[in-house]
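Student: Sharing a structure below in structure tokens format, with a few things to ask.
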Amino acid sequence: MTDTTKHAAGYAMEPPSTEDRNGCASDDVELLERVQAGDERACEALVRKHGGRMLAVARRLLRTEEDSADAVQDAFLSAFRSLEGFEGNSALGTWLHRILINVCLMRLRARSRSREVRIDDLLPTFDQSGHHSHPVRAWEDDALARLTSAESRAHVRACIARLPDPYREVLVLRDIEELDTEQTAQHLGINPGAVKTRLHRARQALRTLLEPFVLGDGAGVATA
């Protein structure tokens, strides 16, 4: 589930732009100067340029379109208030991405958890001899191929949404947003060891949720 999570969920990252590789692009520098000067058209241009990508990120973390749109709006407002602190050492898109991630995480921690599945119910169990209590079934290539259709990708996203927030946050940041362990730890305010533990458990839990669908056993836990 490590390298295939993003593909299975239908999340494709855009290839890095020149801006992403070399810092803030010259057109963004000019745009920021206009925004700081109070140019409303520049503000609108900034939102148009980066809003679509930010909305896609918010949708990966939040469960509803309304929450995602609100998070993007809050992120832009926060960014506009903090423009003086942006030094241009990193890409503007990267800076906006960090702000948005923090906004989404705050929203996740504030909202209801009514549709979450208990993580312990999704993890493997072991008998006294240390063997799996229930056989672990291998996923063959033809089973994994079921995850390529639009319907299947929607199912994967729905399963990710069922994970408890602490585990879904780590899974999305590491496997979909592709932050490294240290970056993820900084965003979540936890130590790197906790990131690794939560990620391992999140991947195991997601596999459990997907198994009935992938192996053709019916809806199972994922649609309960």
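Quick grid of which residues meet (1) at pLDDT below 70; (2) under 17 Å from the mean Cα position of the chain (by Cα):
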site	(1), (2)
12	yes, yes
28	no, no
36	no, no
40	no, no
49	no, no
67	no, yes
81	no, no
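Student: Of everything in the stretch 96-114, what is hydrophobic (A, V, I, L, M, F, W, C), open to solvent by less than 90 Å² (accessible area, probe 1.4 Å) and modelled with pLDDT of 80 or more? Give them in sequence order.
Tutor: Of everything in the stretch 96-114, those that are hydrophobic (A, V, I, L, M, F, W, C), open to solvent by less than 90 Å² (accessible area, probe 1.4 Å) and modelled with pLDDT of 80 or more turn out to be 96, 99, 100, 101, 103, 104, 105.
Student: Residues that are closer than 19 Å to residue 60 by Cα and at pLDDT 90 or above, at least 2 per element: which helices (runs of 4 or more DSSP H) completely within the stretch 122-215 meet that? Before the answer, list the steps.
Tutor: On the way: elements: 141-144, 150-162, 165-171, 181-188, 192-214.
The helices (runs of 4 or more DSSP H) meeting that bar are 165-171, 181-188, 192-214.
Student: Next question, about the same structure. Do any residues in the stretch 83-103 that are more than 19 Å from residue 48 (Cα to Cα) and of a type outside the set (Phe, Trp, Tyr) have Cβ atoms under 8 Å from those of residues that are part of a helix (DSSP H, G or I) and modelled with pLDDT under 80, where the two are at least six apart or on different chains, and which pairs are they?
Tutor: Listed by first residue and then by second, the contacts come to 88/29.
Student: While we're on this one: Please specify each residue of the stretch 57-67 satisfying the condition of being closer than 16 Å to residue 168 by Cα and without any contact (Cβ under 8 Å) to a residue 40 or more places away in the chain.
Tutor: Passing the criteria: 59, 64.
The values are calculated or read from the model by the stated rules, or taken from the named source; none is laboratory data. Model, not experiment: these values are computed from the prediction. Methodologically, a virtual Cβ is constructed for each residue, glycine included, from the backbone with ideal geometry; neighbour enumeration extends over all protein chains shown. Protein only, heavy atoms only, side chains kept; ligands, DNA and RNA dropped before computing areas. Shrake-Rupley method; radii C 1.70, N 1.55, O 1.52, S 1.80 Å.
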